[in-house]
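Notes to accompany the following structure.
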Amino acid sequence: MINPAILLTPGPTPVPEAIRKLMAEPIFHHRTPQYRKIFGDVSERLKKVFLTENPVYTFAGSGTLAMEAALVNFHSAGDKVLVVENGKFAERFTLIAKAFGLNPVSLKVPYGEAPAPRQIGEALAKDKDIRAVCVQLCETSTAVLSDVKAIGEIVSKTDALLIVDAISGLGADRLETDKWHVDLVISGSQKALMLPPGLAFLSVSPKAKARMATAKLPRYYYDLRHYEKSIADNDTPWTPALTLVLGLQKSLEMIEAEGVDNIFRRCAENAQYTRDTLQKMGLKLFSKAPSSTVTAACVPEGIDGEKLCKIMRDEKGVVVAGGQGEQMKGKIIRICHMGAIGRKEIETGLGVLEETLKEMKSSSGSSCCCSCK
Ligand SMILES: Cc1ncc(COP(=O)(O)O)c(C=O)c1O
């Protein structure tokens, strides 16, 4: 049993010691020059990770809050939004849109595949009433990376806003917010930013800001009009998750010291290593458009995927994620390579996976076909 356990899940990811120590410092009051200096600093530094000149708003909440804010602040009841559904998290956009009386149009893409940008162009050409397009940078549930650059080219030629869920992908898979014409980028703290869960982020382009003025959906906590006013004074309208913001300042310093390009390279190399090793073990990769954030492999036929994850976690101290939702449950395992997860942890995790599979196969007499063909 490895102690402490190795966390290889696609969020939360491990939090480096330097960040944890800072977050254990005594609390202080947030309506102070001391806090405003820190918050002003992180709001500027976040732009370097989002690769944008646009404002990046920070909320106390999980990533889903920023997904909701990205829809609600820019739309009115009945507005059509195109949701590219290629996994569990993409489907959440549809659920939120329905909850707020929007009119979501689903573009279904088989799990494991990335949307073809051409299909999005066709959908927009066919229906001029579509006001926004929602896509995933990395669809964490299937480890699929979308071609946001090509999608941005297409959407920017229309009046629709491009909303990208980069909750897991930001800081692991390259996302050039401004160059690729992304209007709203959503992210969360518990992934490549190496923080505990609890902060959500949203960057807002000038095109989206103009739309905000016409949006009529009711909103309060995450109404960006409050946040716009506060951010001008390096402040938030409500009590911030102060401890997490302190941690964020340290994490952004660490990201800057390594350099975002170097981080993209490191994640890509670790992702490649993970894919190569899984394939050498005889496992089939699930994603046809692999991401640098997380890798998904099919569980061999005859092996109970949920039991595999449980044995690895409870008996060996390596925590990986299984498949999410009815369609994927027990069929895949997901191994993450973003944030503070390094080659050493991945090597150990993959070694434990191989050993556990061998033990399970020898007790079940299974061959190594995949259960998610
Ligand atoms: C791509 C993606 N979208 C949305 C979410 C939901 O974020 P949260 O659980 O922080 O609300 C996650 C979380 O894993 C995610 O990876």
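Highest mean packing comes first when the peptides 91-98, 168-175 are listed by Cβ atoms within 10 Å, giving 168-175, 91-98.
For the stretch 17-257, build the charge dipole from Cβ charges (+1 Lys, Arg; -1 Asp, Glu) around the Cα centre, then report which of 23, 78, 121 sits farthest towards its positive end. Going by the charge dipole, the pick is 78. About its Cα centre, the dipole of the stretch 17-257 is roughly 360 debye, where the only charges are +1 on Lys and Arg Cβ and -1 on Asp and Glu Cβ.
Only aspartates and glutamates eight or more places from residue 344 in sequence, or on another chain, were considered; those with a Cα closer than 14 Å are 269.
Since only 65, 49, 212 are under comparison, the one whose Cα sits farthest along the positive direction of the charge dipole of the chain, derived from C-beta charges on Lys, Arg, Asp and Glu, is 212. Overall shape: oblate for the stretch 170-259, with the ratio a/c of the largest to smallest alpha carbon gyration tensor axis at 1.5 or above and b/c at least equal to a/b. For the stretch 153-282, the Cβ-based charge dipole about the Cα centre amounts to some 340 debye (Lys, Arg positive; Asp, Glu negative; other atoms uncharged). The listed residues 29, 226, 337, once ranked by accessible area (1.4 Å probe) with the largest placed first, stand as 29, 226, 337. Once backbone amide H atoms are built at 1.01 Å from N, residue 136 has 165 as its partners under 5 Å, excluding neighbours fewer than 5 places away on the same chain. Each of residue 220 and residue 150 was given a label point 7 Å from its Cα along the Cα-to-Cβ line. The distance between the two points is 4.5 nm. For residue 322, the residues 5 or more places off, or on other chains, whose built amide H falls under 5 Å of its own are 334.
Annotation: amide H-H contacts under 5 Å for residue 79 (H modelled 1.01 Å from N, sequence separation of 5 or more, or interchain): 103. Converting phi to 3J(HN,Hα) with the Karplus coefficients 6.51, -1.76 and 1.60 and the offset θ = phi - 60°, the stretch 198-215 yields x, 10, 10, 10, 8, 9, 10, 7, x, 4, 5, 4, 5, 5, 4, 4, 9, 6 Hz in sequence order, with x at every glycine or proline. Measuring only protein heavy atoms, the 1.4 Å probe finds residue 57 accessible over about 10 Å².
Given +1 at the Cβ of Lys and Arg, -1 at the Cβ of Asp and Glu and no other charges, the dipole of the stretch 216-364 around its Cα centre is 480 debye to the nearest 20.
The label point for residue 347 and the one for residue 230, both projected 7 Å from the Cα toward the Cβ, are 4.5 nm apart. The listed peptides 127-136, 45-54, ordered by packing as a protection proxy, come out as 127-136, 45-54 (highest mean of other Cβ atoms within 10 Å first). Listed by chain and number, the aspartates and glutamates placed with their C-alpha closer than 16 angstrom to that of residue 37 are 233, 235, 253; residues fewer than eight positions away on the same chain are left out. Is the stretch 17-257 best put as rounded, prolate or oblate by its Cα gyration tensor, with a ≥ b ≥ c the root eigenvalues, rounded for a/c under 1.5, and otherwise prolate when a/b is larger than b/c, oblate when not? Cα axes put the stretch 17-257 in the prolate bin.
In whole angstrom, note down how far apart the Cα centers of the stretch 1-59 and the stretch 150-213 are. A separation of 18 Å, based on Cα centres. Screening the chain for whole DSSP H helices with an alpha carbon extent of at least 20 angstrom along the helix axis and a mean Kyte-Doolittle hydropathy of at least 0.0 yields 242-258.
The values are calculated or read from the model by the stated rules, or taken from the named source; none is laboratory data. Note that this is a predicted model, so its numbers are computed, not measured. Counting neighbours? That spans all protein chains shown, and the Cβs are built from the backbone with ideal geometry, glycine included. The protein model used for the area step is the full one, side chains on, heavy atoms only, and it has no ligands, DNA or RNA in it. Shrake-Rupley method; radii C 1.70, N 1.55, O 1.52, S 1.80 Å.
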